[in-house]
Each structure stands twice: as C-alpha cells, then as structure tokens.
Amino acid sequence: MIIISDVMPKKLPVLLPSVQRTLEALGENIRLARLRRDLSAEMVAERAGISRQTLSALENGSGSVSMATWIQVLFVLGLEKDLEAVARDDELGRALQDAKLPSRRRARKSPQKYEE
C-alpha cells in the first residue's frame, strides 16, 4: 500500500540583505563557539535534538531555521544567557513611547448642588 500525501514545500522567507548578513554573522559566531568548545557538529546536533543538516543551515545563516532551534543550540553551547540582552535597553522604543504619551489633564470639578 502506497500513501501519497500532499505536502506543501516549505516556503522560505524573503529576507532583507542586512537581515541575511546578521543571520550569517550569528551563524558563524555559533560555529566558532562550537569549535572553541571542541564539539563536533554531530554532537551539538544530537544534544539539540536536530539533524546535522539543520545545524549546518543554522551555522550558514539560513532564514528557514526556527527561532526555537537557534535558542536550543545556544543552550547546548551554554550561551543562552546572551539572549537576556535582546531588546533589554530599547532606547528607540522608549523614545517613541514617550513621544506618544499624552499630557494628563485633570477634569475640573463641577460644583455640586446638594438638595435638602
């Protein structure tokens, strides 16, 4: 019995050139961290629960690798603490937020009439 399933090919995201360069630099940094720890690609892939091909794609800066996989590999390498710095000091976001804050005005108290 042959089972044929309709599987859509994975759609790759279209990345800006600067985003692609950032992914490639991050992948290279992860590769260097792995090599400094004298860990083979097979060992890191196994510990991260991914295939050797997925690790290779990650280290080459592929946009098709999930964020969870990037984080898992960072965890295997002991670099997960570096993630705490992401968006911690969001100066631009804070400035934009402050620019949108309305100045608070208090409503005037209306005189109350008391009925007896």
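Descriptive notes on the structure:
- Condition check for Glu28: assigned to a helix (DSSP H, G or I) and at pLDDT 95 or above: yes
- Some residue of segment 38-61 being surrounded by fewer than 18 Cβ atoms within 10 Å (Cβ to Cβ), in contact (Cβ under 8 Å) with a residue 24 or more places away in the chain and closer than 21 Å to Leu12 by Cβ: yes
- The criterion of being surrounded by 13 or more Cβ atoms within 10 Å (Cβ to Cβ) and either at pLDDT 95 or above or more than 16 Å from Leu32 (Cα to Cα) (or both) does not hold for Ala87.
- Out of Ser103, Ser56, sole residue that is out of contact with any Cys (no Cβ under 6 Å at 6 or more places or on another chain), more than 28 Å from Pro17 (Cβ to Cβ) and either at pLDDT 95 or above or of a type in the set (Gly, Ala, Ser) (or both): Ser103
The values are calculated or read from the model by the stated rules, or taken from the named source; none is laboratory data. In this text the structure is predicted, and so the values were computed from the model without any measurement. Backbone-built Cβ (ideal geometry, glycine too); neighbour counts: all protein chains shown.
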